[in-house]
Amino acid sequence: MSSQQEIRYLGVTAPISTDRPKEDDVKSSEALMGDLVALNQFESEQERKVRERLLSNIAQLVSKFVHDVSIKAGMSEKVATEAGGRIYTSGSYRLGVHGPGSDIDTICVCPRHIYKEHFFGEFQDMLRAWPAVTEISAVPSAFVPVMKTVISGVEVDLLFARVNLAEAGDKLDIEKDEILRGVDDASQRSLNGPRVTDMILNLVPDVATFRTALRTIRLWAKRRGIYSNVLGFPGGVAWALLTARICQLYPTAAPATIVGKFFPIYYQWGWPQPVILKKIETGPSNMQHSVWNPKLDRRDMAHRMPVITPAYPSMCSTHNITASTMSIIKKEMLRAMQITDEIIKNPGSTWISLFERADFFSMYKTYVHVVASASTSEGIKDWSGMVESRIRTLVQDLENTDNIILAHPQVGGISNVFYCLSEEEQAVASQGEVPPELMNRKETDIEGKEGARKIWTKNFFIGLEIEKKPKDGQGSRVLNLFYPSKRFCAACQGWEKYNEMEMSVILRPAKRSDLPPYCFPDGQPKSKKKTKRGQQNGTNDIGLGDASEEHSQGPSKRSKATPSDESSSISYPVTNETSNSSIAASPIPSTVPLPNGADPVPPSILNGNSNAALPLPPPGIENLPPLSATSLSGFATAANGVVHDGHSGKNTDGLVVLNGAPQTASS
C-alpha cells in the first residue's frame, strides 16, 4: 500500500497536500521551536510537578466533598464512596500549550444529588480551609458559574457540572453526547470545555505538530493584541480550532509549514463561510440543546467569522467579533503572512519578528479612554471585569457613530494605584487625568496623613480611525460620543453589584498627545509610525464634541481603602522588541520532538525553579486511596504526551488518553 493510501484524512474535505516535510521545512521548524524555548513558552519541570500535585489534590478534595455531602444526605458509606466526583481540565493546559504562569481551567463533575449550592457552599469552605489557597473569588451567578482561585501561586478556575447520573466515578465518559441528557445549561457549557478540547486532539493528524503550531499562533495573537474573546477577538478555543483545521488540510506537514499556511488561508478565507473540523451533528434524539445553524437562527446568520466547535452542541466560538475587530484581524494576518513568507524563504532564520509586540498607542491619533475606579483592591477586580465586558458593545456603538471608520479596543488595559491626600485628588484620579505629583507619589508618602486614601483604577483604550477630511475642505467634522457614552455608562451602572460610593466609570475622548504618561513608558513617539499596510488612522484636526465626562458614575467621596501588597503603583505595558529576521534562531533542544509529542524541557528551564516547594495537601485527604489511572488521565496535559485507548504500554499515568484509533498520518 502506498504512503498516500495509508494517510488518514480528517475534516470535512480532503487535504490540500500530503507531501512529506523537506529538509528546509524541518530546519525552519527547529528554528521556530528554538525561538519558542528562548521566549520562555514552556514551563519548567518543577512547575509541571507543582501543577500535577495541585490537580491531584483538587481531585481528591472533590471526591471527599461528594462523599461528605452524600453522607449528610443520608446515604450509606458504600453508596457515598461510589458516588465518585471527578475533575477534568480544558483549554491551554489540556491541549498542552500552556506556559509559565498560565492558569488552569478545571471542571468539577458531580453526580445528580450534588447541587451548585453545595459546590459554592461546602466545597468553597473546604478550599478556604486549605492553607495553600491564597485567593478565592466565587461567581455563582456567572454565565458559566466559577470559583477563581490562586493555589500555591497557580491560578485555577474551578467550574461546576452536575450530571444526571447517580455516580460520577471512573466509569464516567463525558465524551459521549448522552452525558448531556438532563443537565442544565450551565453544566452543559462547563462539560463542553473538556469535551471540545479532547475532540480537537482527536481531530488533528499529529498532536505534536498541532501543539507547536498552536503555541506559535497563540504567542503571535497575544503580542499583536488580537487574543481576547470578551473584546471581540478570537479567544483560546477559536485559535485552537483555526490551527487544527490547517493541520487537517496539511496532515503530514512540519510545524513551520502549518504556521506558514495559516495566515494566507485565513486572510483569503471566504467569510462568513464557517471553519469546522467535522460535520455538525444534531445530537441524540429528544435533546433540546441549541446547535449552530445560520439557516434557522438569525443570530447565527450575523456571525462574521464563524469558527464552530466540534462537540455537540456545536457553537460559534467567535460570535463576539465585530466589524472593526474583523478588519484588525485581517490586517494582522496580512502582516504575519508577509513576515512568515520571508522567514520560510530563509530556512533556519529566526521567527522573532513575527512576535514583535503591537505598538497600540502609535497606531491612532484619536482614542477613547475608559477609566474604571474603585476604593478597594478587591472591588476593582470585579468592577473592572464587568466594565471590560461592556467594551465590545461600546465598540459596536462607536462603529455606528458619524466620522468613525474603525474602533480598535486595546487588549489587557492598564492598572494603576494612586495615593491621594485629599478628596479632590481622589476625584482627579478617578477621572483619568492625573498630574505628575500624584502619578509619582508612593505609598510611603501618605502614611500617617489624615484623609489619605488609595484609589485603584483600570484603564481601557479604544483607538479610532477617523474619516479623512474632504478634499474640498468644506464642512466641519465633529466627533460626538454623547450617545455611545451615555449607553455605556448606563449599562455599567446597571450592574447588580454597582455601588456609587465605591465605584465609578468615565469615558472621554483623547488625542494621542493628551494620553496619560503611563501609556508611553519609553516616552511619547514624535510621529505616527508608517506601516506597510497603509493603515489610515484619522487626522488631528477633528473636533472632539461633548464626549461624556458628564456621564461618569460615582461621586468623589469614597470609603476608606483596604490595605494591599502592591509593590508598584503603576503597571506599564511591555515595550516593543526589535528584531532582525536574518539573525540566527535560538538553538533547538536535542530532545525535540519526543516520541509521544511531549514538551521539551531544556536544562536552562529545568533548573530555573528547582527550589519551589510542592503544595501541601488539603486537610482531610490523608487517608484517601490514590487516584486511578483513569482519574489521572482526566486532568492530564498533552504537554506530557498523548496515547490512545488501544495503547499497549502499561503505564499511562499523567498522559492524555484519547478514545479511538490513532490519528497520526504516517507512512
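The values are calculated or read from the model by the stated rules, or taken from the named source; none is laboratory data. Just so you know, these numbers come straight off a predicted model, no measurement behind them. Ideal geometry is used to build each Cβ from the backbone, glycine not excepted, and the neighbour counts take in all protein chains shown. Please note that ligands, DNA and RNA were not included when accessible areas were found on the heavy atoms of the full protein model with its side chains. Shrake-Rupley method; radii C 1.70, N 1.55, O 1.52, S 1.80 Å.
Which of the residues spanning region 127-164 are among the small types (Gly, Ala, Ser) and either in a strand (DSSP E or B) or open to solvent by 20 Å² or more (accessible area, probe 1.4 Å) (or both)? Across region 127-164, the qualifying residues are ALA129, SER137, ALA138, SER141, ALA142, SER152, GLY153, ALA161.
Just one of ASP170, ASP198, ASP177 is acidic (Asp, Glu), touching a residue at least 12 places away in the same chain (Cβ under 8 Å) and open to solvent by less than 20 Å² (accessible area, probe 1.4 Å); which is it?
Details: ASP170 fails: open to solvent by less than 20 Å² (accessible area, probe 1.4 Å); ASP177 fails: open to solvent by less than 20 Å² (accessible area, probe 1.4 Å).
Just a single option satisfies the conditions, and that option is ASP198.
In the condition set (1) surrounded by 13 or more Cβ atoms within 10 Å (Cβ to Cβ); (2) part of a loop (DSSP other than H, G, I, E, B), GLU447 is compliant with all but (1). Can you work out which of the residues in region 90-108 that are open to solvent by 10 Å² or more (accessible area, probe 1.4 Å) and at positive phi is farthest from the chain's Cα centre (by Cα)? Step by step, filter region 90-108, then rank; the result is GLY101.
Out of ILE87, ILE71, ILE58, one residue alone is crowded, with 17+ Cβ neighbours inside 10 Å, in a helix (DSSP H, G or I) and of a type in the set (A, V, I, L, M). It is ILE58.
The residues of region 265-323 include none that are among the basic types (Lys, Arg), under 26 Å from ILE405 (Cα atoms) and in contact (Cβ under 8 Å) with a residue 40 or more places away in the chain. Remark: LYS471 matches the filter, which requires a residue to be among the basic types (Lys, Arg), surrounded by fewer than 22 Cβ atoms within 10 Å (Cβ to Cβ) and at pLDDT below 95.
Name every residue in region 52-97 that is of a type in the set (Gly, Ala, Ser) and in contact (Cβ under 8 Å) with a residue 40 or more places away in the chain, in order of residue number. Selection gives SER56, ALA59, SER63, SER70, ALA73, ALA83, GLY84, GLY85, SER90, GLY91, SER92, GLY96. Candidates ILE321, ILE276, ILE258, ILE329: the one that is modelled with pLDDT of 95 or more, in contact with a Lys or Arg (Cβ under 6 Å, 6 or more places away or on another chain) and of a type outside the set (Ser, Thr, Tyr) is ILE321. Among the numbered conditions (1) surrounded by fewer than 16 Cβ atoms within 10 Å (Cβ to Cβ); (2) in contact (Cβ under 8 Å) with a residue 40 or more places away in the chain, the only one that GLY385 does not meet is (2).
Every residue in region 478-522 that is of a type in the set (S, T, N, Q), open to solvent by 10 Å² or more (accessible area, probe 1.4 Å) and not in a helix (DSSP H, G or I), please. ASN480, ASN499, listed by residue number.
Quick one: which of SER349, SER373, SER353 is over 30 Å from LYS469 (Cβ atoms), touching a strand residue (DSSP E or B) at 6+ places or on another chain (Cβ under 6 Å) and touching a residue at least 60 places away in the same chain (Cβ under 8 Å)? Explain how you work it out, then say what you get.
Working: SER349 fails: touching a strand residue (DSSP E or B) at 6+ places or on another chain (Cβ under 6 Å); SER353 fails: touching a strand residue (DSSP E or B) at 6+ places or on another chain (Cβ under 6 Å).
Result: SER373 is the single residue among SER349, SER373, SER353 that is over 30 Å from LYS469 (Cβ atoms), touching a strand residue (DSSP E or B) at 6+ places or on another chain (Cβ under 6 Å) and touching a residue at least 60 places away in the same chain (Cβ under 8 Å).
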